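Report on one structure; see the data block that follows.
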Amino acid sequence: MLNCGRCPRSCAISSLLSNGFLHRTTQTAPLPGLQPIPLRFPLLNQTSSEHRRSVLQPLAASAVASADPSAYDDEQSRTHNARSAAVLSYLESPAQSRVIDDDDDNGEDSAKKEMIEVYPLGRRNPSFPGAIAPPKIDVESLVLGDERELRRAIEVRRGVAAELLKEAMRSSRLSLTYSASLVSRLPGFVDQMLIEAARMKRNPEFSHLNFNARVNIYIDSSGVIPLVKWLKHNSLSYPQIGKTICSCAGDLQRLKFMAGWLKSIHVKGSFLGVVLSRVENLMNRSVEELEEIVEYLEENGVRRDWVGFVIGRCPQLLSLSMDCLEQRVDFYLKMGMSKNDFGTMVYEYPKALGFFTIDEMKEKANYLREFGLNTEELGRLFAHKPQLMGCSIEDKWKPLVKYLYYLGVRRDGMRRILVIKPMVFCADLETTISPKVRFLQDMGVRSEALGGVIVKFPPILTYNLHRKIQPVVVFLMTRAGVSRENIGKVLALEPELIGCSITEKLDVNVKYFLSLGIPPQSLGEMIADFPMLLKYNLDVLRPKYRYLRRVMVRPLQDLIEFPRFFSYSLEGRIIPRHKSLVANQINFKLRYMLPGSDEVFEQRVREAIEKRKRFESLGAGEVSCPMLTQKSTTAD
């Protein structure tokens, strides 16, 4: 087709491009773990436009000149792919039949060779008349060197390797769902399979095998399937198994050895997977270094059978250097904490030793010192409640301190809270403390008394509102007879009642007082006057009541009017003062008889005696009257 309206030179070039003979090659950044693949051919964009023109023009001209001239006869009809016939005849003809003009430039010969090296022409697909030609290759994409094909090929191989690994797991009696879930957590190991399969290709022993066979050989030789089953037997979840296998950098035997060592120090159950998956440099540490850490903990009070529990809940201990570990241990021991207390603290809250930085630990200790705690008190505080070390100063402590200060709790009160119930400083302000304060306000506790209630009984802020506080309040108002107006007064005077057991303490005392004949309403008034009444043991109440009724011969009404009678010692105060009154023939109400010191009581007795003498002397003067004398005689 000579008169096609286009230059023969451009026809040859178009045929090369349209039929896919100019194969593009791409260059991508090597994937992690894969060796970089050198390009066989340079990219088009690595040559200038002038250089490409010098290469393409001589080749096209020579290709047209060497083609069959009859292919360009005007009278001959066009055949399929006739435009590229000249180029194909040139490429497929033997070297001896290629006639190159001796007069041609040496530069043209070199340009032809360079063009063939740059653009290797592959075998054409067989075609027939009427077939659809393959799409033309965009020169721009060739120049840009897109890397999508290489990535797509690697993804295909990765998918094949993953399926082979799933099949190997299913062959080992692992379920289909478990195998698929586990393989999805092993991207690093799948890439390792690709790398090893590529390395095996260079080995003459495996060079004749296809990709699938090489992957299966690596799966069998690595021992990954038995390792997965062993880790699964030791209670590791599939996410933990996937993370540990990917973190061991292909050294699966090292992983199994390290898991066995952890079991030897009593790391049990699911904590084994926690340690293996969270300690990043565990596989790189020697057993001697790890044993040194364990022995140092034993020397400072952590028992050997506790070590597994401690490491399982704070794996970061195994990543510490010995210098860092010694610095953390000295931080607590210098507070006056004994080794036994230190070991107990680490067992109760291992994060206090290994999770936080030494600067964070010092900052929290210095903040607590501002409430007036000395070093020894601070050491006892951390030994009793090491969870304080896990609290944030900005997010937890400072908002809590501001809230307590608003309620009327001052520095000394906060110090008492830390000493008696340090758990208050670990509780959440919004969900734990604020609802209890609002409940006390709803029950009638005045705002100015809230701070005193909290300081007097700090555990009230840590009790469960619906399971502990509300049931006690309901019991006092229903069974004990405390009115709605007096319940706030009872809670303000004796918030410790909230901590008493209803069945073992409160109900027992209420039944005893009711059995004495005290009406429920009167009992409620007694409790409002003296809430401590419900906290005494019956062994203390019974002897005092018997003495009051049988020896002192006092009515029950005296007890109702003065319920504080039960707060005084029977042997130390009630009996001695009662004998003194009997000896002096004086009778006091209970509220004047028992309160006050002995000196005050004796002063009252003397005043009563003098008053009686004055009354008697006055009575003797009246008897001197004859009429009174007569009446007196008659009475006698």
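The values are calculated or read from the model by the stated rules, or taken from the named source; none is laboratory data. Just so it is clear, the structure is predicted and the values come from calculations on it, not from any experiment. When we count neighbours, we look across all protein chains shown, and the Cβ atoms used for this are built from the backbone with ideal geometry, even at glycine. All accessible areas refer to the heavy atoms of the entire protein, side chains included, with ligands and DNA or RNA removed. Shrake-Rupley method; radii C 1.70, N 1.55, O 1.52, S 1.80 Å.
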**Fill in**
So for R0 = 30 Å, FRET eff. of residue 281-residue 152 from the Cβ-Cβ r, to 0.05, ends up at 0.25
**Complete:** With DSSP loop assignment and no more than 11 other C-beta atoms within 10 Å, the GluC sites (Glu not before Pro) in region 473-526 are 485
**Fill in**
In terms of the alpha carbon gyration tensor, root eigenvalues a ≥ b ≥ c, rounded if a/c is under 1.5 and otherwise prolate when a/b exceeds b/c or oblate, region 481-528 is oblate
**Request:** Could you please put 233, 384, 266, 578 in sequence from largest to smallest accessible area, using a 1.4 Å probe?
**Result:** 233, 384, 266, 578
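Would you please put 150-158, 367-375, 185-193 in order of how densely packed they are, using the mean number of other Cβ atoms within 10 angstrom per residue and starting with the highest?
Working: 150-158: 12.9, 367-375: 14.7, 185-193: 19.4.
Ranked from most to least packed, the peptides come out as 185-193, 367-375, 150-158.
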**Prompt:** Using alpha-carbon pairs under 8 Å, 6+ residues apart, how would you state the relative contact order of region 252-331 in percent?
**Reply:** 40
**Item:** Nearest-10 value in Å² for the accessible area of residue 569, using the 1.4 Å probe
**Value:** 60
**Prompt:** Distance from the Cα centre of region 376-413 to that of region 154-209, in angstrom?
**Reply:** 55
**Request:** Arrange the residues 426, 314 by how much accessible surface each exposes, largest first, with a 1.4 angstrom probe.
**Result:** 426, 314
**Complete:** The answer for region 367-461, accessible area per residue at 1.4 Å probe in Å², is 47
**Request:** Mind checking which lysines have their Cα closer than 24 Å to the Cα of residue 544? Skip sequence neighbours fewer than 8 apart in that chain.
**Result:** 505, 511, 535, 579, 589
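Hey, any idea what the orientation-averaged projected area of the convex hull of region 358-449's Cα atoms comes to, in nm²?
Values: hull surface 23.9 nm².
Orientation-averaged projected area of the Cα hull: 6.0 nm².
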**Fill in**
By accessible area (1.4 Å), largest first, 351, 201, 396 order as 201, 351, 396
**Request:** At a Cα cut-off below 19 Å, give the lysines reachable from residue 339, other chains included and same-chain residues fewer than 8 away excluded.
**Result:** 351, 385
**Asked** Using the per-residue mean of other Cβ atoms lying within 10 Å as a proxy for protection, in what order, highest first, do the peptides 446-456, 587-597 fall?
**Response** 446-456, 587-597
**Request:** Figure the gain on full extension for residue 412 and residue 511 (residue separation times 0.36 nm, minus the Cα-Cα span) and round it to one decimal in nm.
**Result:** 31.7 nm
**Fill in**
Here the Cα Rg-to-2.2 N^0.38 Å ratio for region 277-359 is 1.01
**Prompt:** To the nearest 10 square angstrom, what accessible area does residue 539 show with a 1.4 Å probe?
**Reply:** 120
**Prompt:** If ligands, DNA and RNA are left out, what is the accessible area of residue 561 with a 1.4 Å probe, given in Å² to the nearest 10?
**Reply:** 90
